[in-house]
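Input: a single structure, listed below in structure tokens.
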Amino acid sequence: MNSSATPIKLLSISQRYFKEKFLELTHRRTLDSFRVRLNNPRSILQELSQVLIDSTQNKIKNFTTIEALLEEADALLKVDNELVFSDISKSYLTSLIGEYLGHKGKPSQKSKTDAAEGTGIDAVKERKLIATNQLIYALRIVLKDNELYAGSLVASIRNEILRLKDTDIKNSPGNLDTLSRLTEHAVSELLQQGYAKSYLYPLVRQKLFGKDVQTDFDYALNFVEQLCTRQAEAYKVVFKIKISGGHQINLNGSLLLSDEVKGSLCTTNAQAERFLTEIDPKVQLVYVQVEGLDYFSVLKKARRQLNAELDRLHLGFSEANLNVYNDALVCGTLEPDKTQVHRMMYQEDGFYKNAQTLYEDLTQKVAIIQENRDIAKETRNKITSAIRYLRLGSESLELEQKYVNYWIGLEYIFSNYDITERTIFRMKEHFTNCHALIYVKRNLLEFHHLLKRAKVYKRVPGYNNDLVYLSREATYVFVIEHFMETHPLLGYRAYQYKQRIFGTKQPQTYIVEHQKNLTRHLTRCYRIRNEIVHEAAINSNIEVVTGNLRYYLTFVLNSLLDYLASQPIDSDQDGRITIDDFFIRQELKFKSLERSQYPLAGLLAVKSATEVFGS
């Protein structure tokens with residue numbers, strides 16, 4: 001860190017909020033409601049553009065896939081003030097999206113030419129193609145105008161922090177709304193540019209705002225701003241491969257680590273020297289040269305390049321066992337002295353408990369289910385398979401393998417061969433009901449834990465694990481008044497819950513909005529699944545979605561285990577206990593709360609599977 005930086009000063013409320021929000025967004029164990037989202041206003045337009053192009057090539061035939069993105073884009077554009085619009089105005093783009101959405105991808109009216117040429121199938125297809133291309137062209141222009149979107153967001157963050165006064169925030173916490181949104185979009189854009197969360201989190205926590213870092217906020221924010229324009233750096237990534245099976249294999253010469261490159265890398269630091277010299281004689285050192293923005297993101301790129309070579313190698317030596325070690329050496333050209341050994345395992349987002357008591361509890365539930373002959377054999381088999389695919393996904397090294405395994409587990413749970421309805425539609429209906437039922441409690445339970453992590457819980461009146469204190473509006477008022485200055489993220493979260501639960505919107509809007517978002521995201525998940533399965537697509541931007549799928553499978557599986565192991569009722573009176581009985585029960589419970597306008601006491605009384613596995 002630059003020794004000439006200004007001595008550290010006390011942070012204002014807005015500065016402290018930015019720091020805390022940034023850390024929350026990038027921490028992999030943050031609850032998914034508060035982790036960085038997959039998209040921001042610019043990236044959703046990029047995703048929409050690609051999906052529209054795919055639709056013109058008949059890769060996407062169902063308008064529902066496009067509709068979900070159109071709705072998401074429209075919602076994000078409504079709150080954005082940072083995108084640049086030059087030749088295409090914001091109002092015109094939103095009108096194009098609205099028109100396309102309203103007419104299901106078809107033109108809103110026929111032209112005179114259309115009338116003259118007829119209204120046959122070919123004419124309709126041509127008009128649809130024209131409408132689609134018009135939106136694609138408009139999106140391309142807007143995306144071209146916003147290649148520096150990340151920098152614009154950080155500049156807006158700087159201006160917003162300068163504008164906000166501590167007294168304004170304490171008097172009206174809603175003044176943090178814009179800063180919160182800008183920070184979310186900025187972090188999302190940094191990830192879209194290619195940075196890894198595992199790089200950004202320690203950067204902010206230790207190097208920019210660490211306790212021992214003698215730099216002021218402006219210096220730290222300048223560093224974040226520089227990330228937006230940082231040029232990709234060249235890296236060397238060295239892997240260890242052990243080939244067994246009695247085969248003599250000459251690897252591609254361009255991959256083998258030459259003595260010259262090895263000698264150069266050994267001089268960078270002691271860790272690199274140990275990695276390159278203390279090896280098994282049967283191990284071969286191979287390296288890949290890639291460009292990237294940080295150590296962690298280039299490791300993923302390098303592994304993909306190596307995998308392509310291993311795929312070709314397997315064609316020639318199908319019986320050979322190729323063992324790629326989990327550790328790799330990563331060396332950048334700008335700061336070679338910082339060469340380090342990194343693990344190659346993908347770490348999905350979310351917190352999942354690891355405990356003997358959890359293992360014993362789940363084992364007991366599985367045993368009860370398998371022994372209960374009132375439970376349909378198909379249901380018992382589905383539970384067994386879902387558990388297996390959850391494990392296979394967790395243990396898979398490749399991101400696409402993780403994704404497919406999690407999806408298979410989910411699809412098997414929600415499939416029903418006796419019903420003609422497609423599995424994805426059943427998933428959207430039943431999963432959203434199940435999760436909406438526990439959504440408020442899950443998030444308030446996280447707020448309960450947040451109070452404890454902040455070490456202020458003893459000061460909160462009535463704080464108790466029964467969560468009764470969270471049903472009182474006075475609790476949120478107390479947190480806002482007493483902790484907004486010292487813990488602005490906590491204070492602002494209390495303000496948000498006060499508005500969502502006790503304000504004019506009340507829980508209904510909060511829950512309905514969550515259902516909409518979840519339905520859209522499941523549509524995206526299904527589209528990515530199709531790209532991987534039907535097109536053999538290798539998608540490098542699915543880490544966030546893969547983490548979501550793991551959570552979805554873990555949640556519904558634990559919910560089913562709890563239900564089926566506790567004397568379930570044959571809800572549909574078909575003479576057997578099935579997964580559909582669980583879905584019926586959850587739907588009835590949800591509709592009962594909906595009919596009562598979602599009373600907070602009732603929402604807090606719901607038992608959630610997330611309390612068992614912890615996410």
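The values are calculated or read from the model by the stated rules, or taken from the named source; none is laboratory data. The structure displayed is predicted, hence computed values, not measured ones. Ideal geometry is used to build each Cβ from the backbone, glycine not excepted, and the neighbour counts take in all protein chains shown. Ligands, DNA and RNA are excluded from the accessible area calculation, which covers all protein heavy atoms including side chains. Shrake-Rupley method; radii C 1.70, N 1.55, O 1.52, S 1.80 Å.
Before moving on, here are some points about what is shown:
- Tally of residues being among the charged types (D, E, K, R), assigned to a helix (DSSP H, G or I) and more than 18 Å from Leu25 (Cα to Cα) across the stretch 159-181: 5
- Candidates Arg576, Arg585, Arg550, filtered to the one that is within 30 Å of Met345 (Cα to Cα) and either buried (at least 20 other Cβ atoms within 10 Å of the Cβ) or not acidic (Asp, Glu) (or both): Arg550
- The C-beta contact set for the stretch 329-352 (first residue closer than 14 Å to Lys236 by Cβ and at pLDDT 95 or above, second residue open to solvent by 10 Å² or more (accessible area, probe 1.4 Å) and part of a loop (DSSP other than H, G, I, E, B), distance under 8 angstrom, 6+ apart or interchain) comprises Cys331/Thr268.
- Qualifying positions in the stretch 366-398 - charged (D, E, K, R) and open to solvent by 20 Å² or more (accessible area, probe 1.4 Å): Glu371, Arg373, Asp374, Lys377, Glu378, Arg380, Arg388, Arg391, Glu395, Glu398
- Residues being among the aliphatic types (A, V, I, L, M), at positive phi and open to solvent by 10 Å² or more (accessible area, probe 1.4 Å) are represented in the stretch 529-539 by at least one member.
- Within the stretch 262-291, tally of residues that are in contact with a helix residue (DSSP H, G or I) (Cβ under 8 Å, 6 or more places away or on another chain), assigned to a helix (DSSP H, G or I) and closer than 30 Å to Leu190 by Cα: 2
- Residues in the stretch 100-145 that are open to solvent by 90 Å² or more (accessible area, probe 1.4 Å) and at pLDDT 85 or above were compared, and the one that is farthest from Leu48 (Cα to Cα) is Ile130.
- Test: residue in the stretch 234-245 that is open to solvent by less than 50 Å² (accessible area, probe 1.4 Å), out of contact with any strand residue (DSSP E or B) (no Cβ under 6 Å at 6 or more places or on another chain), modelled with pLDDT of 85 or more and under 30 Å from Glu189 (Cα atoms): no
- Candidate set: the stretch 515-528, residues that are more than 20 Å from Arg442 (Cβ to Cβ) and basic (Lys, Arg); chosen: the one least open to solvent (accessible area, probe 1.4 Å): Arg524
- Where Thr267 falls short, out of the listed (1) β-branched (Val, Ile, Thr); (2) surrounded by 17 or more Cβ atoms within 10 Å (Cβ to Cβ); (3) farther than 17 Å from Glu233 by Cβ: (2)
- Positions within the stretch 41-99 being under 17 Å from Leu153 (Cβ atoms) and open to solvent by less than 20 Å² (accessible area, probe 1.4 Å), in sequence order: Pro41, Ser43, Ile44, Leu45, Leu77, Asp80, Leu83
So that you can scan it fast, the table gives a plain yes or no per residue for (1) buried (at least 17 other Cβ atoms within 10 Å of the Cβ); (2) farther than 29 Å from Thr546 by Cα:
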| site | (1), (2) |
| --- | --- |
| Leu276 | yes, yes |
| Gln289 | no, no |
| Val298 | yes, no |
| Asn326 | no, no |
| Leu334 | no, yes |
| Glu348 | yes, no |
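- Residue within the stretch 592-609 that is closer than 15 Å to His430 by Cα and among the acidic types (Asp, Glu) present: no
A quick yes/no check of all residues on (1) part of a helix (DSSP H, G or I); (2) within 20 Å of Leu392 (Cβ to Cβ); (3) out of contact with any helix residue (DSSP H, G or I) (no Cβ under 9 Å at 6 or more places or on another chain):
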| residue | (1), (2), (3) |
| --- | --- |
| Thr486 | no, no, no |
| Thr519 | yes, no, no |
| Cys525 | yes, yes, no |
| Val544 | yes, no, no |
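- Among residues of the stretch 336-354 being of a type in the set (A, V, I, L, M, F, W, C) and within 22 Å of the chain's Cα centre (by Cα), the one that is nearest to Val36 (Cα to Cα) is Phe351.
- Restricting the stretch 553-573 to residues that are in a loop (DSSP other than H, G, I, E, B) and of a type outside the set (Val, Ile, Thr), the residue that is farthest from Glu348 (Cα to Cα): Gln573
- Helices (runs of 4 or more DSSP H) within the stretch 419-483 that include 2 or more residues of a type in the set (D, E, K, R), touching a Ser or Thr at 6+ places or on another chain (Cβ under 6 Å) and open to solvent by less than 60 Å² (accessible area, probe 1.4 Å): 432-453
- The one condition in (1) touching a residue at least 60 places away in the same chain (Cβ under 8 Å); (2) not in a helix (DSSP H, G or I) that Asp580 fails to fulfil: (2)
- Where a residue in the stretch 457-486 is within 20 Å of Leu176 (Cα to Cα) and its partner, wherever it lies, is open to solvent by 70 Å² or more (accessible area, probe 1.4 Å), with Cβ under 6 Å and at least six apart: Met484/Lys170
- Number of the exception - His185 against (1) touching a residue at least 24 places away in the same chain (Cβ under 8 Å); (2) more than 24 Å from the chain's Cα centre (by Cα): (2)
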